[in-house]
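The values are calculated or read from the model by the stated rules, or taken from the named source; none is laboratory data. What you are looking at is a predicted structure, and each value in this text was computed from that prediction instead of being measured. Cβ sites come from the backbone with ideal geometry, for glycine too, and all protein chains shown count toward neighbours.
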Amino acid sequence: MEQIRMAKQIVRPCVIAGNWKMNKTITEATRFIDEFLPLIEKSTTQIYLAVPFTSIQPVVEKVKGSSVIVGAQNMNDASEGAFTGEIAAIMIKEVGAQFVILGHSERRHIFGETNEFINRKVKRAYADGLQPIVCIGETREQHEAGQTQQVLTQQLKESLAGVNAAQMQKTIIAYEPVWAIGTGITPTPEQAQEVHAFCRQVVLDNWTDKTSLSVVLLYGGSVKPDNTKLFMEQTDIDGVLVGGASLSPISFAQIVNYQNATVKG
Ligand code: 13P
């Protein structure tokens, strides 16, 4: 049976997602899958793997019949056209992608993506049949200035503007504090819970109440095998989005199998 979380009669799936970022050639990606699948054979968790564009098709072939689904890390908002170097939703869908990460902090901060641009991509993803994982998160400066709630509210409202309740139920939202990404620093699980509960409330206030309970919220930022369980135990955290620790089949499998882990500290 698939792992689920219950909240006031609403059932939400547990999602463990890996984001490989700009790592792994096709050779490395397929070798990862060969090593990874035997380690998660008994898992019933829904595993999402966001791989580089070049590896989507070969990885989709390799994971057939497993609980892994494959997606992309970005796409353009247009359906096609003169956008040199960009990639369209229908292109990644055709090679087997089922989801796409949108608005990752590296896209926002390194490549200057705005909420408005991300919103257009979100709408394109729905139109072309891809499930979006929409990332939000405050910077260290915003965090220290006490602006976290204000920043997240704006990111949610603007990135998801015009999304209807049915689409919202298929959307995954990943809260990734920028200061926790790749730093080894994390909020405490209790602090993360507070922020996730806040995000759920923003969804509740702006979409329907049914939606807010069923929308899947992930935590991301320095998730490792020995802290996964602490985050997963929080009421409003339905899963994790993992960067660095998803690059090794052993550590990513330990995260997937977090319920078997002995938590330190
Ligand atoms: P790390 O797990 O390496 O901190 O990265 C998190 C992330 O950005 C996932 O999208």
field: Inter-residue pairs, beta-carbon under 8 Å, first among the polar types (S, T, N, Q) and in the range 178-194, second within 8 Å of the ligand (Cβ to nearest atom) and modelled with pLDDT of 95 or more, 6+ apart
entry: T183/G221; T183/S222; T186/A180; T186/G221; T186/S222; T186/V223
- line: Residue pairs qualifying under the 6 Å Cβ cut-off, at least six apart or on distinct chains, with the first in the range 230-249 being closer than 16 Å to M22 by Cβ and the second being assigned to a loop (DSSP other than H, G, I, E, B), are V242/V223; L247/N23
Residue under evaluation E138, criteria (1) surrounded by fewer than 21 Cβ atoms within 10 Å (Cβ to Cβ); (2) in a loop (DSSP other than H, G, I, E, B); (3) of a type outside the set (A, V, I, L, M), criterion not met: (1)
When residues of the range 66-82 are limited to those that are among the aliphatic types (A, V, I, L, M) and crowded, with 17+ Cβ neighbours inside 10 Å, the one farthest from V15 (Cα to Cα): M75
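Yes/no per residue for (1) within 12 Å of the ligand (Cβ to nearest atom); (2) in contact with a Cys (Cβ under 6 Å, 6 or more places away or on another chain); (3) under 26 Å from G182 (Cβ atoms); (4) of a type in the set (A, V, I, L, M):
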{"residue": "T211", "(1), (2), (3), (4)": "no, no, no, no"}
{"residue": "S214", "(1), (2), (3), (4)": "no, no, no, no"}
{"residue": "P249", "(1), (2), (3), (4)": "no, no, yes, no"}
{"residue": "A253", "(1), (2), (3), (4)": "no, no, yes, yes"}
{"residue": "Y258", "(1), (2), (3), (4)": "no, no, yes, no"}
- prompt: Among strands (runs of 3 or more DSSP E) lying entirely in the range 1-96, which contain 1 or more residues that are at pLDDT 95 or above and touching a Gly at 6+ places or on another chain (Cβ under 8 Å)?
  reply: 15-19, 46-50, 68-72
field: Selection count where residues are surrounded by 15 or more Cβ atoms within 10 Å (Cβ to Cβ) and among the hydroxyl-bearing types (S, T, Y), scope the range 83-135
entry: 2
- prompt: So which of S105, S67 is touching a strand residue (DSSP E or B) at 6+ places or on another chain (Cβ under 7 Å), within 16 Å of the ligand (Cβ to nearest atom), under 18 Å from A17 (Cα atoms) and among the small types (G, A, S)?
  reply: S105
query: Scanning for something surrounded by fewer than 17 Cβ atoms within 10 Å (Cβ to Cβ) and within 16 Å of the ligand (Cβ to nearest atom), does the range 193-208 turn up at least one residue?
result: no
- prompt: Considering only residues of the range 153-181 that are among the aliphatic types (A, V, I, L, M), part of a helix (DSSP H, G or I) and away from the ligand (no atom under 16 Å from the Cβ), which is surrounded by the fewest Cβ atoms within 10 Å (Cβ to Cβ)?
  reply: A166
field: Residue check, G112 more than 18 Å from the chain's Cα centre (by Cα), at positive phi and in a loop (DSSP other than H, G, I, E, B)
entry: yes
